[in-house]
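The structure appears below as structure tokens.
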């Protein structure tokens, strides 16, 4: 095994971030959270359902302002707005049914001031990178769920994001497709050099893809464990047969089991 | 066909219903003769005016109510029971209020069509998925661009359903108004023909009105299908 | 958007309910004010103001003449509504279960729904003659189609897994109908009844307005013709109140049947 690839300076810094929602009923959704994402790392978050994982993502990309605490992206504090350089892929299918695949991908650059040539190049690249070239004239309704999620990822890629946030992007897909999409994601991560944060409820997915996995508690979500996987940068889904994979997954589950029971309404 | 045979063989009294073939001949005669040109222009311009006004008012009101949950609480029960009231019974009052002519017909058309547009605008706006709205924010779109690039296209299928309903409601309202109480228009012409026992003219005009209604609705239907086909698998 | 912050500040359930009740009262007062404004603006030649109308209505309710007309309308309406509901239910079930027939019938019915049926009223008059049966027939023409379409839609959208469950439990066709089909379709059927109710009422009233010597529709047009403004305003008021009351009742019933979560 080659040594872990990521030893770069901090990219995103969360400092004592708390998020509460005014009622009724008032909800303490998140925090307090301290987190540093290193530039270029693949970080995953797992946690019981309803623990505030998605709130964490919303706060991290600036869609939602933290009730207290601060979020810094590339050294600048976020103020309730999504900064340039962050791409987000949501759990729900957010492809636009009225646009073709190509138009969907190009949507990401509609407001950009790039030259037409540059736009065409980027769109072409993203479309073929995600394996959508044959389908560029199709509409989302003609594609499978996995393909639609690729469209959404491609739409993010054309922006050349330096930080990519993914909120359970494969949650609605079947197991085989998930594994293959995981490989795609690793390839994307390696070739773009972007920092990736993946939110997922699948422990094996987190264990297989990430450099580092954060385990969150039941609501209000806090990190209760951080697991370094130590995978080489050049990896793919076949590492599920590696012995370390079992160890990592087991550690994640032992941290998470008690929290999951809590959300099911039982004592640990 | 059955109707044609029944009429020809005298099973149905020709004073009641004339054979379909004769209806068509009569329609071609009467419309071709030009004596109804004024009525036709009158009726359809009224319908068009009511339709356009209904779409304008309905969409605006829908968008306005959608923005405020408090207005929404007031509007929802009103809209839910609106179509239980036969709007048409206001027509005599409108005639007394605005005089006989185009004005009460247009108001009647708008009264029957605008709430349908409003209802579909609300449901269309409700149906815009939160994920798409998040996308708009991630791409830092201005409010106008969010409306134009995301909200409108996402809500379009339901808006269209409202427009389709609005057309048929405006049509029904205006023609019914002319029919019951009016001095001009196609509805009036049919009712006049009925009262003067001119069955040929009556059936000819009736067929014409129904044909136009079916064709107008048919066009919107096909258009809607084309719009929807893209968004459904296949 | 400012409403949202207001709501956050005051959003205990009771205060929200109180705001709603307050708004509903304001709305009612606004409508009465509009009515009053139109009434006084036209000096009562078109619409009589609310108070005057209610006084007149009170007097009217004590005359036998009014109840004669109301009874005529009610009889025609009940017959039309009953026929629409029963025939529509039966047709809807048949078209829903026999898919092919349904696929042929549905666009035709939907097309019929959107045409101006008034133009056909002379034909109805010629076929049924003046009087009760023409009104009823015209009411059925309006009320039948929505009832059929709603029932058809309900049966068609029934989750197939429910039918499979019935088969697994080896229910007889009768029990499948009674225990599965009807309860599953009930919310839609109640909705169909609601629409059918208002449209058959509309049909009967238009029939009376065009050519009839009896009924509330006739009374309305007659009041207009004789420049008896309070009379026609009062008749309109009665119809509106009755229609809204019936609709609200059916919405409640429909809401109760739909409260059981239906996929």
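Evaluated against (1) within 14 Å of chain B (Cβ to nearest Cβ); (2) crowded, with 17+ Cβ neighbours inside 10 Å; (3) part of a helix (DSSP H, G or I), residue C:56 falls short on exactly one condition, (1). When restricted to residues that are surrounded by fewer than 17 Cβ atoms within 10 Å (Cβ to Cβ) and within 23 Å of the chain's Cα centre (by Cα), the stretch C:89-105 contains 1.
From the list A:72, A:91, the lone residue that is assigned to a loop (DSSP other than H, G, I, E, B) and closer than 30 Å to residue A:233 by Cα is A:91. Would you confirm whether or not the stretch C:142-160 contains a residue that is surrounded by fewer than 18 Cβ atoms within 10 Å (Cβ to Cβ), more than 14 Å from chain B (Cβ to nearest Cβ) and over 27 Å from the mean Cα position of the chain (by Cα)? Within the stretch C:142-160 (the criterion being surrounded by fewer than 18 Cβ atoms within 10 Å (Cβ to Cβ), more than 14 Å from chain B (Cβ to nearest Cβ) and over 27 Å from the mean Cα position of the chain (by Cα)), the answer is yes, since at least one residue qualifies. Summed over the stretch A:75-88, the residues that are more than 7 Å from chain B (Cβ to nearest Cβ) and assigned to a strand (DSSP E or B) give a count of 4.
Determine whether the stretch C:98-120 contains at least one residue that is closer than 20 Å to residue C:214 by Cβ and modelled with pLDDT of 85 or more. The answer is no; no qualifying residue exists. Of the residues that make up the stretch A:130-145, is at least one within 17 Å of residue B:135 (Cα to Cα), in a helix (DSSP H, G or I) and within 18 Å of the chain's Cα centre (by Cα)? No: the stretch A:130-145 contains no residue that is within 17 Å of residue B:135 (Cα to Cα), in a helix (DSSP H, G or I) and within 18 Å of the chain's Cα centre (by Cα).
The set of residues from the stretch C:202-216 being part of a loop (DSSP other than H, G, I, E, B) and touching a helix residue (DSSP H, G or I) at 6+ places or on another chain (Cβ under 8 Å) comprises C:211, C:212, C:214, C:215. Checking each residue of the stretch A:99-112 against the condition of being more than 12 Å from chain B (Cβ to nearest Cβ), farther than 21 Å from residue B:145 by Cα and surrounded by fewer than 23 Cβ atoms within 10 Å (Cβ to Cβ) gives no match.
Put simply, of B:104, B:92 the only residue that is facing another protein chain (nearest Cβ under 9 Å) and closer than 17 Å to residue B:175 by Cα is B:92. Residues that are in contact with a helix residue (DSSP H, G or I) (Cβ under 7 Å, 6 or more places away or on another chain) and outside any helix (DSSP H, G or I) are absent from the stretch A:246-264. Filtering A:186, A:165 for residues that are at pLDDT 90 or above and outside any helix (DSSP H, G or I) leaves a single hit, A:165.
Helices (runs of 4 or more DSSP H) fully within the stretch C:105-197 that include at least 2 residues being in contact (Cβ under 8 Å) with a residue 24 or more places away in the chain and closer than 30 Å to residue B:195 by Cβ: C:121-128, C:132-156. For the condition within 9 Å of chain C (Cβ to nearest Cβ), without any contact (Cβ under 8 Å) to a residue 40 or more places away in the chain and surrounded by 20 or more Cβ atoms within 10 Å (Cβ to Cβ), residue B:71 does not qualify. Would you confirm, using the coordinates I've provided, whether residue C:219 is more than 8 Å from every other protein chain (Cβ to nearest Cβ), part of a helix (DSSP H, G or I) and touching a residue at least 40 places away in the same chain (Cβ under 8 Å)? Yes; evaluated as a whole, the condition is true for this residue.
How many residues does the stretch A:223-241 contain that are touching a residue at least 60 places away in the same chain (Cβ under 8 Å) and either in a strand (DSSP E or B) or crowded, with 18+ Cβ neighbours inside 10 Å (or both)? Of the residues in that region, 3 qualify. Every condition in (1) within 14 Å of chain C (Cβ to nearest Cβ); (2) farther than 28 Å from residue C:106 by Cβ holds for residue B:209 except the one numbered (2). Taking the stretch B:169-186 as the region of interest, how many residues are more than 7 Å from every other protein chain (Cβ to nearest Cβ) and buried (at least 21 other Cβ atoms within 10 Å of the Cβ)? Within the stretch B:169-186, residues that are more than 7 Å from every other protein chain (Cβ to nearest Cβ) and buried (at least 21 other Cβ atoms within 10 Å of the Cβ) number 10. Looking at residue B:5, is it modelled with pLDDT under 80, part of a loop (DSSP other than H, G, I, E, B) and over 20 Å from residue B:188 (Cβ atoms)? So residue B:5 fails the test.
The values are calculated or read from the model by the stated rules, or taken from the named source; none is laboratory data. Because the structure is predicted, anything quoted here is derived from the model rather than measured. Backbone-built Cβ (ideal geometry, glycine too); neighbour counts: all protein chains shown.
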